[in-house]
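First the structure, in the form of structure tokens, and then the observations on it.
The values are calculated or read from the model by the stated rules, or taken from the named source; none is laboratory data. In this text, all values refer to a predicted model and were calculated from it rather than measured experimentally. All Cβ positions, even for glycine, are placed from backbone atoms using ideal geometry, and neighbour counts span all protein chains on display.
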Amino acid sequence: MNSEAAAKRLEAGMAAPNVYDAEPIPEAARIEIERLLTSGDLFRYTAAQDAPVALLEAEFAAQMGARYALAVSSCSAALFLSMKALDLPEGARVLVPAFTFAAVPSSVLHAGCEPVLVEVGSNFRIDLDDFRAKLDSADAVLISHMRGHTSDMDAIMAECDARGVPVIEDAAHSLGTRWAGRKIGTIGKVGCFSFQSYKLVNSGEGGMLITDDPELAARAVIMSGAYEHNWKKHKGLQNSFHHWQNRLPLYNMRMHNLSAAVIRPQLPLIEARVEAGLANHDHVAARLNGSPWIDVPPALPQETRAPDSLQFNLQGFESDDEARAFQEAAERRGVAVQIFGLSKDNARAFWNWQFLGTLPELPKTRAMLMRACDLRLPARLTRPDLDFIADAIIAAAAEVKARR
Ligand SMILES: *Cc1c(COP(=O)(O)O)cnc(C)c1O
């Protein structure tokens, strides 16, 4: 919450829950960080074996059931390396949902490819008609599971497999999500995750790339910065590494040992955070759906979500001013809600991605962004916190609609 809203809550004698703090770091991380600081061993390739980054990769791969995991500096770096490792030609067309974070189409540009934005519907998921219409001219597909909403992966994989188009999953915000029992990030050819502070696992910055494809893994490892023979510290793949030696650029996007030390003790906590986050989300969603002015779209039938935030659509709010009035009314009650398309310079509104050059008109996505609200809902919130938030939102919507 911004400080102004917080001050108003305090004046009113009511404590609004703080939804902005990141996930706490387990105590166990301190001991390992102390050890690393004492030894100065901060670079992943200094130790002969068992560096924290290497241990994290092994643990993450095992937890996800993936053959290979590569720890990198961010999810954006993982997305960039995925496209480079796929050896996409210069100017390759990569489909990206138009509802995502600006860093995602940016990673496509960074990889020398052309992002092609695909419409997203009012349920925050890819519009399959627009997807199919654009797929024939695509060289790759980057599915961004924005805010942990999973698009129809059965339909997407069937269409892409039929055409031999590789799928990259941006699972930055989907750690713990399942699709028909399968872990999100393991369905496409590559899955990419983020450990930036506002994700389920918090190390400030950090990312992970997972794949079952040995050639892709070997190429990504080298390009991430396994220079000279540092690739020997990655298990398996040794023949592939020999093959690619000196043939690939080194982009140096490695993970820091301190990041791995912060992430590793959080891995065993993922399941509990997912469970708590989903219960919190579903409680607030059920309450909000009781309001005639609010719609929280349901998960798809195959999907078991792992949300740490909640998105809902304002219904029957004809004008932008009315939608803004709702935002203000919620803030007066201590709850900061962001309407993606109505906040200035929002990095999730595609019309702000001027770095892409000519922007397409995407009326469905635009209409959604103009009424879709974003609310952080961390796993640690209590039932009274959640009810405070739900009460504030329901009352704010009712107040604005009663004025008319
Ligand atoms: C956070 C996020 C990213 C970017 O992750 P970084 O690790 O900060 O690069 C990409 N896609 C989605 C859906 C995200 O939520």
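For the condition more than 10 Å from the ligand (Cβ to nearest atom) and either assigned to a loop (DSSP other than H, G, I, E, B) or closer than 21 Å to Pro115 by Cβ (or both), Lys199 does not qualify.
When Val116, Val104, Val120 are checked against the criterion of being away from the ligand (no atom under 16 Å from the Cβ), surrounded by 20 or more Cβ atoms within 10 Å (Cβ to Cβ) and closer than 24 Å to Ala367 by Cα, a single residue qualifies: Val116.
To keep it simple, each residue is scored yes or no on (1) closer than 24 Å to Ala220 by Cβ; (2) surrounded by fewer than 20 Cβ atoms within 10 Å (Cβ to Cβ); (3) in contact (Cβ under 8 Å) with a residue 24 or more places away in the chain.
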position: Arg125; (1), (2), (3): no, no, yes
position: Asp130; (1), (2), (3): no, no, yes
position: Ser137; (1), (2), (3): no, yes, yes
position: Ala155; (1), (2), (3): no, yes, yes
position: Asp161; (1), (2), (3): yes, yes, no
position: Gly176; (1), (2), (3): yes, no, yes
position: Trp179; (1), (2), (3): yes, no, yes
position: Ile187; (1), (2), (3): yes, yes, yes
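Filtered by the rule that a residue be more than 16 Å from the ligand (Cβ to nearest atom) and in contact (Cβ under 8 Å) with a residue 60 or more places away in the chain, region 65-101 gives Gly65, Ala66, Arg67, Tyr68, Ala85, Leu86, Asp87.
If you go through region 354-375 one residue at a time, do you hit one that is surrounded by 14 or more Cβ atoms within 10 Å (Cβ to Cβ), touching a Leu at 6+ places or on another chain (Cβ under 7 Å) and without any contact (Cβ under 8 Å) to a residue 24 or more places away in the chain? Scanning region 354-375, I find no residue that is surrounded by 14 or more Cβ atoms within 10 Å (Cβ to Cβ), touching a Leu at 6+ places or on another chain (Cβ under 7 Å) and without any contact (Cβ under 8 Å) to a residue 24 or more places away in the chain, so the answer is no.
Tell me, which helices (runs of 4 or more DSSP H) wholly within region 26-145 include 1 or more residues that are closer than 30 Å to Lys232 by Cβ and of a type in the set (S, T, N, Q)? Let's see the steps before the verdict.
On the way: elements: 28-39, 52-64, 75-85, 103-110, 128-135.
Per the criteria, 28-39, 52-64, 75-85, 103-110.
Of all residues in region 202-234, those being within 16 Å of the ligand (Cβ to nearest atom) and crowded, with 24+ Cβ neighbours inside 10 Å number 8. If you go through region 220-242 and keep only what is part of a loop (DSSP other than H, G, I, E, B) and either small (Gly, Ala, Ser) or closer than 23 Å to Leu79 by Cα (or both), you end up with Ser224, Gly225, Ala226, Tyr227, His234, Lys235, Gly236, Leu237. Does region 246-268 contain at least one residue that is at pLDDT 95 or above, within 16 Å of the ligand (Cβ to nearest atom) and among the β-branched types (Val, Ile, Thr)? Yes: region 246-268 contains one or more residues that are at pLDDT 95 or above, within 16 Å of the ligand (Cβ to nearest atom) and among the β-branched types (Val, Ile, Thr).
Conditions (1) farther than 30 Å from Leu117 by Cα; (2) more than 21 Å from the chain's Cα centre (by Cα); (3) modelled with pLDDT under 95, marked per residue:
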site	(1), (2), (3)
Arg273	yes, no, no
His283	yes, yes, no
Glu328	yes, yes, no
Glu331	yes, yes, no
Gln338	no, no, no
Leu342	no, yes, no
